[in-house]
Amino acid sequence: MKKILLCTLAALLLISGNLLAQKQQAVPKAKGPAVRKGPPTIVGAWTLSFLEGGDVDQLFPNKKPIIAIDPKRILLSGFNGCNTFSGKIKIEANKISFLEPIQQTIKACKGNGEEQFMNALNTVQSFAFSENEKLDLIAGDRGVMQFTPALKSNSDIKPNRKK
């Protein structure tokens, strides 16, 4: 099982390198934190609104990807447009690192939206908040993904538990 996960991760890294070589769109740079009643928090559920190199509505016509972040349980989980996924993460200030390869279910899907989503997610190193409470996930100095809150209040989100 570990060999399969390592081979899958190696293949994803190779594919992501090829995708990054293509012309990229950029997420507009954050102009500072969104105006909020409290401090911005990455905790909660987020719906994908931008994916570098692809049109979210065309890549995911049925259901947009969602991520849920629970730093107390050091867990990032969600739905990538086809499969569910989860992985342990570490968050320090605005930095994110994956403590292990992200695991996902293996359901066959049409299109390449899931692959683009996972490739981008695996490159993420940090995050920032931009206007209108949007969460920008950043690789190096590029915004590769942007999310909007999945619910009006993210305080009641309980990510999937890993069994």
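Looking only at region 31-56, filter to residues that are modelled with pLDDT of 95 or more and not small (Gly, Ala, Ser); which one of those is farthest from residue 146 (Cα to Cα)? Show your work before the answer.
Restricting attention to region 31-56, the residues satisfying the condition of being modelled with pLDDT of 95 or more are 45-52, 55-56.
Now drop any that are not not small (Gly, Ala, Ser), which leaves 46-48, 50-52, 55-56.
On the way: 46: 9, 47: 8, 48: 6, 50: 5, 51: 7, 52: 9, 55: 12, 56: 10 Å.
For region 31-56, the residue satisfying everything is 55.
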Being modelled with pLDDT of 95 or more and more than 18 Å from residue 40 (Cβ to Cβ): is that true of residue 86 here?
yes
Flag if residue 78 is under 15 Å from residue 45 (Cα atoms), touching a strand residue (DSSP E or B) at 6+ places or on another chain (Cβ under 6 Å), at pLDDT 95 or above and not charged (D, E, K, R):
yes
Could you look through region 105-121, keep only residues that are among the polar types (S, T, N, Q) and modelled with pLDDT of 95 or more, and pick out the one that is nearest to residue 141 (Cα to Cα)?
119
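The values are calculated or read from the model by the stated rules, or taken from the named source; none is laboratory data. Since we're looking at a predicted model, the values are computed, not measured. As a convention, Cβ positions derive from the backbone with ideal geometry for all residues, glycine included, and neighbour counts pool all protein chains shown.
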